[in-house]
Amino acid sequence: MRNALTSLVAAALVVASLAGCSEATRGRMPGPVPSGVEFHPAPDDAPPAPPLTLELTDGTNLDLAEQWGERPVVLVFFETWCTRCEVQQGSINDVVQEYEDTVLFVGVAHLSEPAEIAAYVEDNDIEYPVAVDPGGDATLMYAVAEPPLVALVGKDGSLLRGWPEGVEGEELSRAVADLAVR
C-alpha cells in the first residue's frame, strides 16, 4: 500500500511539473540583455516614469524601477473587454518576439477579473508578464483614461513615449529600435 501511495504521489508530481512546463512560456521574463546592445540616453527633457511595483498574475511582484535599470520597459495597459486592445495584440506580440531579451514588455489590466485576464492571455498568445492592478494605482499613475494605452520607458526610467489609443506593431517596433545602439 505504501509503495502504491508513493508511486501515486510521484506520478502526480510528474504530471504537475509537466503541466507547469506548458505554462512556462506564459509570462516569460527576458534573459540578460544581449551582448553588444546599448541604449541611447533619454532626452534631457524626458520626464521620469512613475515607479511601480506590480503584482503579476502568478502572484510575484515586479519592481519596474529595478527592471529599467537594465533595459527599456514597454507597458501595455489593456482590458479583456477592449476590442481595440485585442485587435492590436497580435502586432504587439510580433514586437515582443523581435525584442524578447532586449526590452521587457508588461501587460497591465485594472478592471478585468483574474479569470478573464487568464483567458485573454491564453486566447491572444501573450507571452510576456501580465500584472493585475485592482486598486488602479498603475492606471492612475500612467493616466490611463481608457484602454488601450502603451507607454515606453527608457533604460534610465524616463517616460519616452505614450500611445493613449494603443499602437500598431510597426510603429512600436520603430520606437523600440530607436532606443538601441548596436
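The values are calculated or read from the model by the stated rules, or taken from the named source; none is laboratory data. Given the structure is predicted, the values throughout are model-derived calculations rather than measurements. A quick note on method: Cβ atoms are made from the backbone with ideal geometry, for glycine too, and the neighbour counts reach across all protein chains shown.
Structure values in brief
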read-out: Every residue from segment 1-59 that is modelled with pLDDT under 50, outside any helix (DSSP H, G or I) and under 21 Å from Glu127 (Cα atoms); value: Ala24, Thr25
read-out: Residues that are of a type outside the set (Ser, Thr, Tyr) and either within 23 Å of Pro43 (Cβ to Cβ) or free of Cβ contacts under 8 Å to residues at least 24 places away in the same chain (or both), drawn from segment 124-143; value: Gly135, Leu140, Met141, Ala143
read-out: Selection from segment 128-142 of residues that are out of contact with any helix residue (DSSP H, G or I) (no Cβ under 8 Å at 6 or more places or on another chain), closer than 12 Å to Leu75 by Cβ and aliphatic (A, V, I, L, M); value: Ala138, Met141
read-out: Residue that is surrounded by the fewest Cβ atoms within 10 Å (Cβ to Cβ) [pool: residues in segment 102-142 that are in contact with a Ser or Thr (Cβ under 9 Å, 6 or more places away or on another chain) and in a loop (DSSP other than H, G, I, E, B)]; value: Glu113
read-out: Complete set of residues in segment 148-182 that are part of a helix (DSSP H, G or I) and either of a type in the set (D, E, K, R) or in contact with a strand residue (DSSP E or B) (Cβ under 9 Å, 6 or more places away or on another chain) (or both); value: Glu170, Glu171, Leu172, Arg174, Ala175, Val176
read-out: Checklist (1) closer than 22 Å to Leu140 by Cα; (2) in contact (Cβ under 8 Å) with a residue 40 or more places away in the chain; (3) over 15 Å from the mean Cα position of the chain (by Cα) applied to Gly69, failing item; value: (1)
read-out: Of residues in segment 75-98 being touching a Pro at 6+ places or on another chain (Cβ under 8 Å) and part of a helix (DSSP H, G or I), the one surrounded by the fewest Cβ atoms within 10 Å (Cβ to Cβ); value: Arg84
read-out: Odd one out for Val37, checked against (1) out of contact with any His (no Cβ under 8 Å at 6 or more places or on another chain); (2) surrounded by 14 or more Cβ atoms within 10 Å (Cβ to Cβ); (3) under 14 Å from Ala131 (Cβ atoms); value: (3)
read-out: Odd one out for Arg71, checked against (1) assigned to a helix (DSSP H, G or I); (2) at pLDDT below 95; value: (1)
read-out: Glu86 vs. criteria at pLDDT below 95 and farther than 25 Å from Pro48 by Cα; value: no
read-out: Residues satisfying the stated conditions in segment 72-109, i.e. free of Cβ contacts under 8 Å to residues at least 40 places away in the same chain, within 14 Å of the chain's Cα centre (by Cα) and within 19 Å of Thr139 (Cβ to Cβ); value: Gln89, Phe105, Gly107, Ala109
read-out: Residue tally, condition among the hydroxyl-bearing types (Ser, Thr, Tyr) and surrounded by 13 or more Cβ atoms within 10 Å (Cβ to Cβ), over segment 50-74; value: 2
